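Some notes on the structure that comes next.
Taken together, the values in this text are just the output of simple stated rules run on the coordinates, not laboratory data. Small disclaimer: the values here were computed from a predicted structure and weren't measured. Because the Cβ atoms are built from the backbone with ideal geometry, glycine has one as well, and the counts that use them run over all protein chains shown.
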Amino acid sequence: MKSWKLQGDIFQKKDLKEISRFILKSKKFTQGHKVDEFEDKFSKWNNSKFSLFVNSGSSADFLIVNTAKELFGWKDGDEIIVPSLTWPTQISSVTQNGLKPIFIDCNLEDLSLNYQTIEQNITKKTKAIFLAHIMGFPSNIKKIKKIIKKYNIKILEDCCESIGARYPNKVGNLGVAGSFSFFWGHHMTTIEGGMITTNNYTFYKLCKLKRAHGLAREMGKDELNKISKKYPDIDKKYLFLTNGFNFRNTEINAMIGINQLKKLNSYIKIRNNNFSFFKKLLEPISNKVKTVNFRKLKEISSFAFPIFFEKKYLLDKFKKKLATKNIEYRPIISGNILRQPFLNVKKKMYNSDFVHNNGVYIGNNQFVTKKNDTKFNQTFKRSII
């Protein structure tokens with residue numbers, strides 16, 4: 001049994017009882033009023049105009065790229081700037097939509113794009129920058145917008161690991177649209193699920209159609225009655241206006257999300273306090289081991305605690321010690337994504353390679369207690385110092 005897990009048991013007995021009562025009382029489980037309620041509450045929480053609940057963060061990534069491509073008239077082969085430090089399905093959402101990912105190395109300050117190399121990768125075919133806010137650290141959107149202000153380039157955001165982070169506004173509001181994940185191991189959960197946010201009404205309406213097969217009835221009764229007059233030979237209940245998918249989620253997952261959302265602010269506060277505690281542990285040995293030296297604690301929404309070792313042998317030693325203490329650890333995301341077999345792109349990424357070879361993260365979540373803190377403190381000192 002692990003003494004320090006990447007994530008604790010997300011549901012308490014009270015939560016499980018509420019889920020059971022909801023199931024026993026409900027007559028409908030497919031997408032309905034609870035999904036609408038969750039979307040409205042999430043929009044208010046995130047200060048976004050519109051939200052769409054989907055079945056995963058990966059689906060959210062795919063759908064915002066697919067919607068943007070249709071809405072803005074992008075063509076197959078157009079280029080999207082993406083990070084080399086990210087989760088694979090962010091990249092797949094670009095390639096599966098017929099677009100070409102242009103990879104940029106990460107920086108070691110916030111793990112986002114290397115801002116100094118963005119402009120040199122912009123071409124006539126560049127249509128967007130698809131950011132990833134990594135491990136709770138928001139990208140420096142001010143720098144990015146300053147760089148691209150003379151270009152007609154859109155911004156998309158992958159916020160799956162950084163719900164609640166802000167710079168200066170909450171992530172998911174810094175570009176055309178943002179994606180979020182509610183997988184079990186994230187800040188909050190719907191077991192499986194994701195969310196799309198946007199402040200663009202046209203984008204929202206098209207995205208909503210695409211989430212449910214492209215069905216016109218997703219537009220609402222008034223708009224459906226109006227547009228169906230153009231197609232008198234088609235039953236308006238089965239009128240399809242665009243290429244679509246089935247990325248819908250359920251009433252059960254939405255009900256769980258509503259309950260989780262009530263706790264999210266307190267969860268983020270605990271995680272950020274833990275990050276501050278962990279960071280202080282590294283100060284005596286900062287010449288050998290580091291973490292992300294972020295600008296301000298109030299801007300982050302800590303997902304986990306990343307640790308980078310100047311020498312790889314120290315990392316290997318640390319991992320062995322963690323294993324003996326039953327403390328879970330993982331690589332930073334998937335490491336340098338270009339080295340993964342599904343891509344295998346030959347392009348040198350110095351910072352991403354450093355993270356890949358010399359980095360690891362341990363769990364930071366709302367279930368970390370003072371007892372855990374002491375245990376980690378002791379293990380860390382014994383294994384490193």
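Details
- Highest-MSF residue in the chain out of 237, 312, 262 [GNM, Cα springs under 10 Å]: 237
- Ranked by the mean number of other Cβ atoms within 10 Å of their residues, highest first, the peptides 130-141, 27-38, 147-158, 77-88 fall in the order 130-141, 77-88, 147-158, 27-38.
- Positive end of the dipole of the range 236-382 (Cβ unit charges, origin at the Cα centre): among 268, 361, 247, the Cα lying farthest that way belongs to 361.
- Our analysis of the chain gives Rg over Rh at 0.99, with the two radii drawn from alpha carbon positions and Rh computed by the Kirkwood formula.
- If a spin label sat at a point 7 angstrom from the Cα of residue 227 along the line to its beta carbon, the backbone N atoms of the range 191-211 nearer than 12 Å would be those of 202-211.
- The angle between the Cα long axis of helix 13-25 and the longest principal axis of the Cα atoms of the chain comes to about 10 degrees, rounded to the nearest 10.
- Once the Cα-Cα distance is subtracted from the 0.36 nm per residue extended length, the residue 116 to residue 6 segment shows a gain of 36.3 nm.
- Only the Cβ atoms of Lys and Arg (+1) and of Asp and Glu (-1) were treated as charged; on that basis the dipole of the range 13-257 about its Cα centre amounts to roughly 800 debye.
- Distance in nm between pseudo-label sites at residue 145 and residue 29 (7 Å out along the Cβ direction from Cα): 4.4 nm
- Relative contact order for the chain: 21 percent, from Cα pairs under 8 Å spaced at least 6 residues apart, divided by residue count.
- Within the range 297-341: backbone nitrogen closer than 14 Å to the residue 287 label point (7 Å, Cα to C-beta): 310-311
- Translational D in µm²/s for the range 264-383 (Stokes-Einstein at 10 °C, 1.306 mPa s, Kirkwood Rh from C-alpha pairs): 103 µm²/s
- Distance between modelled label sites at residue 269 and residue 212, nm, 7 Å Cα→Cβ extension: 3.7 nm
- Two-site FRET efficiency, residue 124 against residue 319, from Cβ-Cβ distance with R₀ of 51 Å, rounded to 0.05: 0.65
- Counted residue by residue at 0.36 nm each, then reduced by the alpha carbon distance between them, the extension gain from residue 345 to residue 246 reaches 32.5 nm.
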